[in-house]
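Below is one structure, written out as structure tokens, with a few remarks after it.
Values in this text are rule-based calculations from the coordinates and carry no lab data. What you see is a predicted model, and the numbers here were worked out from it, not measured in a lab. Cβ placement follows ideal geometry from the backbone for every residue including glycine, while neighbour counts extend to all protein chains displayed.
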């Protein structure tokens, strides 16, 4: 929906539109950032507006810098609880009134803590623009952070972790993996907290976080959709112009060191019929110069259906329903991780195969035809991820967060086109870990896989019912 | 969640049954959110072999979404071959007489396309998302597997492992999946909706190449398929490709009708599952009409009022006010035949299930007796309306919605009149729907909780709970 108005809603209005996005780029690589207005209010609030009238909705996306990074020592989950409480009572509305007024008009508002920011997004029908801005300003500037609401919300978050252990343990693998891989670094903190850390939080932790780290100069708001840019600008100035700057400084993140050697965390889930596994090490950051080559190599290795990993573990052997790999890239390097699962008795076989594929990747040259295939794939799929107003709101907020220009999007296709064998080999050597250097996490029936696990390095064991994502915490 | 939909890969979302509604009646000028343009841009053609092709041109992005809806699902299975429709979905990617196993994916990805597929009780749907330049290839690949599918015994064995792994992930290692399967299996005593879409373990391990061949011949007739294309392509171009690649596939005898109808349920059924669990589950599945029932919109709005969002009635009462549940989900599961509507509650550790059930029953009785408020109905209509527009913002969402209306409602044009259909629903309609659905004699209740502690001393057990 970056450009054309196939629905031809309100054709008369279209004539007066001042925006012109690149429509239907002739090639997939021709993705263009839609015309937009960017301005910074005197209090430091950054706003980006992307008018687009394809459907009668307004999407927003934004963030307040901070996040799990500034959770107080030993108290992971504070930022997550702040995020969750933003719309549970704010301004003149109680928690129930706030929910009634958002959903009553068919709107949405979601907020969650990431590693380095509290991120939020939502969508309202265009006719409710005024209400949307009022609610958003209240949620960010005037949340009640009420004691009862906090207790209720926090208690439920604790139960949700238990429910995940009951019904989808694989979704917790990255929490266990990061806790171990980044031990001692802020990225080790579970962004949503753990059962134990959440239980220890108090309302004053929540209030203190908001007072210290929320402020206009830490915040970016991006709106995309069906609105008049001038009217929106005026409304935003009125609603957010009086917001103060944040009081406390943000710490500067340092890169975590890569793990050397191998170690295994075995999380015992008695009776589990499969083993869910995660193999990771520290990867690269958002600014990594080899990004286009890295995206191609990871697409080939574990990023698509016919990837090397999925071919070996699923297509050829039938060991699993899925195997994949990905890089998580922050302002400093996040993790590279392989994730998959297999029936308990095949645990060793599947992990051996995964390690073999990584070893081959590190040692063998990539087939040029495969590189071409990955290039076509990444280029061909790229427009589908930048189709709607909501996609563009999220993408432009991402650029703002990392201080990247539109070249990051528009230059991506041309940069992909230039990646050659040598560059692919260079990022493979540089960014992918050796199979000898991995943090390994297994969730499964320890009595049946303990022996297999020991093959891969020194094993530390914990029970899945333990209330933290790491055995070390007291 | 009930295992209504099983995807080929983990990335897949649930089948997006288009959820559609409108709010206040338009006055003199119709506001844009109530006007769905584009019906005149949708073109359709029925090929000589009976396959219907529907095209909606949308040139926003240089890509095309292609959906092939096949009217076959787990309701077309019999004992011994449960799960075969879903397994078949996997095998549709695994080789033809012209292409080796895996070639479908390799060729499509090399031209920039991706794909997926999913199976439900009622349908199997194949999805391709391709750059427009790869459209010819997509038609070639789709027609090849419909005309020339072949089965390599080695591939059947390895794919059996893949599907069993999917079952372990979603059912055996998942309390939610496990309970849903038990409830669905208990709710039907005759109709094949009792079959789990992924299949029973012994059937997964037991089906044969002959079973697959027979299933293909019976169900994959071109006249049992509906093709939907949305994106950067004109209708004439699509029709030419369809005539070239798909029309030569001969029409076949359509699959036999599902003969069995479920006899009326005359009393509540209950199923208890004892499994290791911190958070107990309480599910209730009510017998409900088919997707094309005129009360469908009212039932959808009823479930939105009860369970959609933080301001929904059951969430507010049971989660926020009484703190009896940590999550309440619900939906009307729309199919070709009368099926189920679900309420699914996740309870906090240590919950007393009967007390929660009593509170749930009280809340449902209140809806049946007193109906819903104007504000609740307006909210539900607005949520449907915004969901409708979010769906229509992508070529993929349009393809999904067109297909759902064509296949389940009998006419894709109903997509364009849906806001009007939903706008007309009244409070009385919703109350009537509640009275129709929430009948205790027509429900199956499922409870999953940890087995009672053994008579052993309580201390060690308490210690194990950190």
| note | Expressed to two decimals, the range B:52-98 has a Cα Rg over Rh, using the Kirkwood radius, of 1.13
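Equivalent-ellipsoid semi-axes (√(5λ), Cα gyration tensor) for chain B, whole Å, largest first? Could you put the intermediate results ahead of the total?
On the way: eigenvalues 286, 181, 74 Å².
The equivalent ellipsoid of chain B has semi-axes of 38, 30, 19 Å.
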| note | Computed from every Cα-Cα pair in the range B:141-276, P(r) in 5 Å bins starting at 0 and rounded to whole percents is 2, 7, 12, 14, 14, 15, 14, 10, 7, 3, 2, 0
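If you build the convex hull over the alpha carbons only and average its shadow over all orientations, what do you get for the range A:199-350? Give it in nm² to one decimal. Could you put the intermediate results ahead of the total?
On the way: hull surface 62.8 nm².
Its average projected convex-hull area is 15.7 nm².
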| query | Out of the DSSP beta bridges found with both residues in chain A, what percent are antiparallel (nearest 5)? | reply | 75 percent
| query | Which FRET efficiency value, to the nearest 0.05, do you get for residue B:276 and residue B:352 by plugging their Cβ-Cβ distance into 1/(1 + (r/R0)^6) with R0 = 22 Å? | reply | 0.70
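What FRET efficiency do you get for residue A:92 and residue B:453 if R0 is 45 Å and r is their Cβ-Cβ distance, rounded to the nearest 0.05?
Numbers: r = 49 Å, r/R0 = 1.09.
Efficiency, from the Cβ-Cβ distance: 0.35.
Which whole-number percent gives the relative contact order of chain B, counting Cα pairs below 8 Å spaced six or more residues apart? Provide the component values of the computation, followed by the final result.
Working: 877 pairs, mean separation 113.5, N = 466.
About 24 percent, as a whole number.
Kirkwood Rh, the range B:275-348, all Cα pairs: how many Å? Walk me through the numbers before you get to the answer.
Details: mean 1/r = 0.0767 Å⁻¹.
Kirkwood hydrodynamic radius for the range B:275-348: 13.0 Å.
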| request: Among B:264, A:149, B:428, B:33, rank each residue by its count of other Cβ atoms within 10 Å, from fewest to most, as a rough exposure measure. | output: B:264, B:428, A:149, B:33
| request: Quick one: give the max-minus-min coordinate of the C-alpha atoms of the range B:229-383 along each principal axis, largest first, in Å. | output: 63, 37, 34
| Distance histogram in 10 Å bins (all Cα pairs of the range B:327-381, percent per bin) | 18, 38, 36, 8
| Computed label-point distance, nm, for sites residue A:260 and residue B:266 using a 7 Å Cα→Cβ extension | 7.8 nm
| query | Roughly speaking, what is the stretch gain from residue A:183 to residue A:437, that is 0.36 nm per residue apart minus the C-alpha to C-alpha distance, in nm to one decimal? | reply | 89.9 nm
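If you stretched the chain out fully between residue A:130 and residue A:247, how much longer would it get, using 0.36 nm times the residue separation minus the C-alpha to C-alpha distance?
On the way: separation 117, 0.36 × 117 = 42.12 nm, distance 2.88 nm.
That pair, residue A:130 and residue A:247, stretches by 39.2 nm at full extension.
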| task | Can you pull the one-decimal nm distance between simple spin-label points at residue B:370 and residue B:292, each 7 Å off the Cα toward Cβ? | result | 3.9 nm
| note | Checked chain A against the a/c 1.5 cut and the a/b vs b/c comparison, axes a ≥ b ≥ c from its Cα gyration tensor; verdict oblate
| message | Taking 8 Å as the Cα distance limit and 6 or more residues as the minimum spacing, I'd like the relative contact order of the range B:318-369 as a percentage. | response | 31 percent
| Considering every residue in A:51-58, what mean count of other chain Cβ atoms within 10 Å of its Cβ is obtained? | 4
| field | Cut-off 18 Å, label 7 Å out along Cα→Cβ of residue A:365, residues of the range A:410-438 by amide N | value | A:419-430
| query | Within the range A:274-302, what residues put their amide N at less than 15 Å from the label point 7 Å along the Cα-to-Cβ vector of residue A:420? | reply | A:293
| task | Please work out whether the range B:150-203 counts as rounded, prolate or oblate from its C-alpha gyration tensor, where a ≥ b ≥ c are the square roots of the eigenvalues and a/c under 1.5 means rounded, while otherwise a/b larger than b/c means prolate and anything else oblate? | result | oblate
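Compute the normalised compactness of the range A:177-220: alpha-carbon radius of gyration over 2.2 N^0.38 Å, N being the residue count.
That ratio works out to 1.44.
So for B:405, B:151, fewest C-beta neighbours within 10 Å to most, what's the order?
Lowest to highest Cβ neighbour count: B:151, B:405.
Counting only other chains, and only Cβ atoms inside 10 Å, what mean value do you get across the residues of B:100-112? Working shown, then result.
On the way: counts 0, 2, 5, 1, 2, 6, 5, 2, 4, 11, 10, 4, 11.
That works out to 5 on average.
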| Relative contact order for the range B:255-327, counting Cα pairs under 8 Å that sit 6 or more residues apart, in percent | 10 percent
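Taking the alpha carbon gyration tensor of the range A:303-433, what are the square roots of 5 times its eigenvalues, largest first, to the nearest whole Å?
Working: eigenvalues 175, 68, 47 Å².
That gives 30, 18, 15 Å for the three semi-axes.
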| query | So how do B:270, B:75 line up by other beta-carbon neighbours within 10 Å, fewest first? | reply | B:270, B:75
| If you line up the Cα atoms of the protein assembly as shown on their principal axes, what length do they span on each, largest first, in Å? | 74, 73, 69
| note | Note on the range A:62-213: alpha-carbon gyration tensor, axes a ≥ b ≥ c; rule is a/c under 1.5 for rounded, else prolate if a/b larger than b/c, else oblate; result prolate
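What FRET efficiency comes out for the pair residue B:40/residue B:240, r = Cβ-Cβ distance, R0 = 30 Å, nearest 0.05?
Numbers: r = 21 Å, r/R0 = 0.70.
Result of the calculation: an efficiency of 0.90.
Please figure out what share of the DSSP beta bridges in the protein assembly as shown is antiparallel and state it in percent, rounded to the nearest 5.
75 percent
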| task | Could you pull out which residues in the range B:108-148 have an amide N less than 13 Å from a spot 7 Å beyond the Cα of residue B:98, following the Cα-Cβ vector? | result | B:136-148
| request: With only alpha-carbon atoms counted, please give the Rg and Dmax of the range A:153-245, in Å. | output: 19.1, 51
